[in-house]
Amino acid sequence: MQHTTFSIIIPARNMEPYIAETLDSVSAQSFGAFEVICIDDGSTDRTARIIEGFTRRDVRFCLVQGPSKGVSAARNLGLSQAKAPFVLFLDADDLLHPEALQRYYDTLTRTQAVGALAGVQRMAVDGHVMRGTDNRALVPAQDQLDALLCKNFVVNGGALALRTDSAKRVGGYDESLVKGEDWEFWCRLALLGEFAVVDGPPLLRYRQVASGANHQARGSVFARRVPSIQKVAANADMKARYGSRLRRLLRKRQIDIFWSGVRNQFQYGRKSTAVFEGLCGAVLYPDSLLRPKLIWRFLQSLDRRANQGTVTPGKSEGRH
């Protein structure tokens, strides 16, 4: 029997339109030494039935009934059952490149990195490709945690394959967070060490919706307290490492979350709301106007129309 090398954890709640395509993308992997732990977290549609079909055809797939306490609790349940040395948290509506696991494996086995970070190709709800700059261009060669505290360059968990012991060592996901739990988890992981960047094509096709991670992390446009940021700010190891500088780094993260939300409003047709929020942002975050790179990335990101192109490599500045 082939040794299991990857545990792929997929939480799902009412994902009937997408789950089969996601599981098909896992089935199509050229690297076959994996297990798939699907957590059905209280679905009321046919999600569980579709997953059961895969479990009958392929013993590598299993269905676990989740606690119905949210995505973090579902992921942690999957992590507790993971048997492989490497783990990948894949969303139930995203797709893996056929060579994804092989490339993650090659990267993790030739380095001592905590995780392997791949490129992300955004796609619209209907699956059409969207424009976007390669997230890997935002990853510096050194001081990755500094950059991650300011900007979510991971984008989505399916782009970051991890060492299972590292994910467990930091305690998994914070189940008290409803929004921004991914980024907070990745920050704790980055305290342990660097992420190795996987070269080549993007390995994750990320289905972007208006309620995505950055948008959800922000909450209300007028919210001055973001729970995920507060968690990082209160982390004793973060405070010991950064001291007073931590507050300045997290200020940049809050600005980035805000403008990502404005971009989402614009992209999904709510242009009047985007204009209103943008004007509010100029008042709430006047220091964002002093960051030309942020402004340039924001303007570029406004045009991510579906079926217009693919990920374009970002300009490298010493890997930044």
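Of the helices (runs of 4 or more DSSP H) lying entirely inside the stretch 234-284, those containing at least 1 residues that are at pLDDT below 85 and out of contact with any Leu (no Cβ under 6 Å at 6 or more places or on another chain) span 245-267, 271-284. Do we find that Asp182 is buried (at least 21 other Cβ atoms within 10 Å of the Cβ) and within 23 Å of Pro67 (Cα to Cα) in this structure? So Asp182 fits the description; yes. Looking only at the stretch 243-269, residues that are more than 18 Å from the chain's Cα centre (by Cα) and without any contact (Cβ under 8 Å) to a residue 60 or more places away in the chain come to 13 in all. Here Arg225 meets the list (1) in a helix (DSSP H, G or I); (2) closer than 16 Å to Glu181 by Cα almost entirely, failing just condition (1).
The values are calculated or read from the model by the stated rules, or taken from the named source; none is laboratory data. Only a predicted model underlies this, so the values are computations on that prediction, with no experimental measurement involved. Glycine also receives a Cβ, built like all others from the backbone with ideal geometry; neighbour counts cover every protein chain displayed.
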